Amino acid sequence: MTLLELLEGPLWIASASIFVAFAAFRLIVILFTGRREAEARPAGSPFLGALRTILGHFLPWRRLLGNGKAWFVTIAGYSFHIGLFVLLLFAAPHVEFIREKIVNLPWDPIPRWGFILSAQFAFAGLITLWLRRFVDPVVRLISRPDDHVAAGLTFIVMLTGCMALGEQSAFLRGLHLGLVELWLIYFPFSSLMHTFTWPFSRGFTGAMAGRRGTRA
């Protein structure tokens, strides 16, 4: 068995299994860990508070709408996350790999120019947000080593993915896949889990505020 076959076979299964098992465990803990119910009579609707907070925070707060810095960060965040989402699910090599290893996707991959455009947006957003952790004094203070490891690992995975786009080098394909598997293993134990947990954390904050009759 070659190294590439090992990466595409047993190591892929192992890393994907670790990702699914521990990500599911963390979500189950979040959803089913008990919390003492508030005894005070609610002054508002927790459901509406959660819904308002989840939907309302997709854009900067109203009092920050005129703040260029808030818009800059918002646009960078959308650029990275949407670009990465398109690359993950619509890039031709990924569509082929997912169909072969996981499930038969019912859509066609994006053309090469779509891949390049999405990658540009994703890289621009990621680099901008990562640099902000170094230059913004407040964000730098609250950033943990894990935040930098997660950003750096994601950047390297994306970079090697672009390098392996031509699929002409088995080494580059293996390097990219190996880093993806490392990323999958690291994912459930890091801040990358916010990919799945943000609706719960944002909704919980909004529900508590809604119960008190305020806004989060």
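Read-outs: derived from the displayed coordinates by stated rules, not from any lab. On a predicted model such as this, the values are computed, not experimentally measured, just so you know. Note: ideal-geometry Cβ built from the backbone for every residue, glycine included; neighbour counts use all protein chains shown.
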Note to self: C-alpha centroids of region 79-93 and region 126-189 sit apart, in Å, by 14
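Just want the ordering: THR53, THR195, from fewest to most Cβ atoms lying within 10 Å of their own Cβ. Don't skip to the end; give the middle numbers.
On the way: THR53 21, THR195 12.
Fewest-to-most Cβ neighbours within 10 Å comes out as THR195, THR53.
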The simple spin-label model distance between LEU27 and PHE171, using points 7 Å out along Cα→Cβ, in nm, is 3.9
With no solvent term and unit scatterers on the alpha-carbon positions of region 130-208, Debye gives log₁₀ I(q)/I(0) at q = 0.18 Å⁻¹ of -0.86
So, relative contact order of region 120-216 in percent, Cα under 8 Å, 6 or more apart, is 20
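Using a Förster radius of 25 Å, what is the FRET efficiency between PHE155 and TYR78 based on their Cβ-Cβ separation? Nearest 0.05, please.
The calculated FRET efficiency here is 0.90.
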Calc'd 3J(HN,Hα), region 180-194, phi into Karplus 6.51 cos²θ - 1.76 cosθ + 1.60 (θ = phi - 60°), Hz, glycine/Pro = x, comes to 4, 5, 5, 4, 5, 5, 6, 3, x, 9, 10, 5, 4, 5, 4
Each label sits 7 Å from Cα toward the beta-carbon; between MET208 and LEU55 the label points are separated, in nm, by 2.3
With Cα coordinates, the longest principal axis of the chain makes an angle with the long axis of helix 10-32, in degrees rounded to 10, of 10
Scalar couplings 3J(HN,Hα) for region 110-124 by Karplus 6.51 cos²θ - 1.76 cosθ + 1.60 (θ = phi - 60°), nearest whole Hz, x for Gly and Pro, are 6, x, 4, 5, x, 4, 4, 5, 4, 5, 4, 4, 5, 5, 4
Output for region 95-196: GluC sites (Glu not before Pro) sitting in coil per DSSP, at most 16 other Cβ within 10 Å, listed by number, reads GLU167
Footprinting proxy, TRP113, TRP130: sorted fewest to most Cβ within 10 Å, the residues are TRP113, TRP130
Listed with the fewest Cβ neighbours within 10 Å leading, VAL139, VAL73, VAL29 appear as VAL29, VAL139, VAL73
Of the residues LEU31, GLY210, PHE115, the Cα lying farthest along the dipole of the chain towards its positive end, which is defined by charges on the beta carbon of Lys, Arg, Asp and Glu, belongs to GLY210
